[in-house]
Amino acid sequence: MYQNDAMKVLTNEVRLSYVHLTTPYANPNQPNAEPKYSVTLLIPKTDYATKADIDAAIQAAADEAVNKTWGGYRPPQLKVPIHDGDGVRQDGTPYGDECKGHWVMTASTKQAPQVVDQSNIRVQLAPQDIYSGMYARVTVRFFGYSNSGNKGVGCGLGNVMKTRDGEALAGGASAESDFAGVGQTVGDTVPNYGMAMPQGYTPGAAPAYPGYQAQQPAYQNPAAPKINPLTGKPM
């Protein structure tokens, strides 16, 4: 329970993945999906306190939904938003390596969340300081839903407080990793333009492929002058 709300949770430090906190996002694989601000929380399995708070909040949301949303009946197989990062997704594919040893939970909202730094919670972070891989504490609130026959508990996103930087999970390599060691060995990789040409190499040789006709040089050596055999001088 957080702020006297049984369905609201403030997490301990978690890692953020699939961060869409500055611009709403809609999954292209879900037709007609409404764009939302969203983020996936990677909750260490060693954080028993946060997991217990989440379980209790899910239970509270389900209890409320029985009469408010589900018509007095509780689904026998309740769908919940938290999953085992050491297992597989609903489609059978395994979670990424960054999910190992974590609980995985996605939270979303239609309203833009506030994203601040723990050093100054009154000022929102610049977009370039918000990325997948950073660490944060997050407020979430759970709710029961019934949609096209599907009943379960969803996770609404509140606000985000960044705690520290982390290795980016954007999928691209950093310049540091791309060029590690190159600056120290670049002298060894520059061609030696003073070295002898390999045997059989002819500079400017025309490529040999069908249909290719090498152009004849426009310059031709002038004919040698004729010599008078008696005087030895040019004629």
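Every number in this text was worked out from the coordinates using simple rules, so none of it is lab data. The structure presented is a predicted model; accordingly, all values stated were derived computationally and were not measured. Please note: Cβ atoms are built from the backbone with ideal geometry, for glycine as well, and neighbour counts cover all protein chains shown.
Roughly how many debye, to the nearest 20, is the charge dipole of the range 1-138 about its Cα centre, given +1 on each Lys and Arg Cβ, -1 on each Asp and Glu Cβ, and no other charges? Working shown, then result.
Working: 13 positive and 15 negative charges, 54 e Å.
Dipole magnitude for the range 1-138 comes out near 260 debye.
Fully extended, how many nm does the chain gain between Asn27 and Gln118 (0.36 nm per residue separation, minus their Cα-Cα distance)?
Details: separation 91, 0.36 × 91 = 32.76 nm, distance 3.03 nm.
Extending this stretch completely gives an extra 29.7 nm.
What is the Cα centroid distance between the range 63-134 and the range 1-42, reported in whole angstrom?
5
By how many nm would the segment from Tyr2 to Val88 grow when fully extended, if each residue of separation counts as 0.36 nm and the alpha-carbon distance is taken off?
That works out to 27.9 nm of additional length.
Using packing as a proxy for protection, rank 53-65, 28-40, 156-168 so that the peptide with the highest average count of other Cβ atoms within 10 Å comes first.
Highest-to-lowest ranking by the protection proxy: 53-65, 156-168, 28-40.
Find out how many positive minus negative residues lie around Met1, taking Lys and Arg as positive, Asp and Glu as negative, among other residues whose Cβ is under 10 Å from that of Met1.
-1
At a Förster radius of 22 Å, what calculated FRET efficiency corresponds to the Cβ-Cβ distance of Thr46 and Glu167, to the nearest 0.05?
It comes to 0.70.
So which aspartates and glutamates pass the test for Lys100, namely a Cα distance under 13 Å, with those fewer than 8 places away in the same chain ruled out?
Asp84, Asp86
Using a cut-off of 17 Å between alpha-carbon atoms, which aspartates and glutamates can reach Lys79, once sequence neighbours fewer than 8 places away in the same chain are excluded?
Asp55, Asp63, Glu64, Asp91
Take the cross-link list Lys8/Lys36; Lys8/Lys45; Lys45/Lys68 and give me the ones stretching past 25 Å between alpha-carbons. Mind showing how you got there, number by number?
Details: Lys8/Lys36 20 Å; Lys8/Lys45 20 Å; Lys45/Lys68 32 Å.
Pairs exceeding 25 Å: Lys45/Lys68.
Would you work out which of Val88, Tyr25, Val115 lies farthest towards the positive end of the dipole of the range 1-127? Charges go on Cβ: Lys and Arg +1, Asp and Glu -1.
Tyr25
What is the gain in length, in nm to one decimal, between Lys79 and Val66 on full extension, counting 0.36 nm per residue of separation less the C-alpha to C-alpha distance? Each step should come with its number before you reach the end.
Working: separation 13, 0.36 × 13 = 4.68 nm, distance 1.36 nm.
Fully extending the segment from Lys79 to Val66 adds 3.3 nm.
Taking a temperature of 4 °C and a viscosity of 1.567 mPa s, what whole-number D in µm²/s does Stokes-Einstein yield for the range 72-119 with Rh from Kirkwood over alpha carbon pairs?
On the way: Rh = 13.8 Å.
Answer from the Stokes-Einstein relation: 94 µm²/s.
Just add up the charged neighbours of Thr46: K/R +1, D/E -1, any other residue whose Cβ is under 15 Å from the Cβ of Thr46. Before the final figure, lay out each step's value.
Numbers: positive: Arg15, Lys45, Lys51, Lys100; negative: Glu13, Asp47, Asp53, Asp84, Asp86.
Charge balance in the 15 Å sphere: -1.
Can you run the Rg to Rh ratio on the range 8-171? Use alpha carbon positions and the Kirkwood inverse-distance Rh. Numbers along the way, then the final one.
Values: Rg = 15.9 Å, Rh = 16.6 Å.
When Rh is taken as the Kirkwood radius, the ratio is 0.96.
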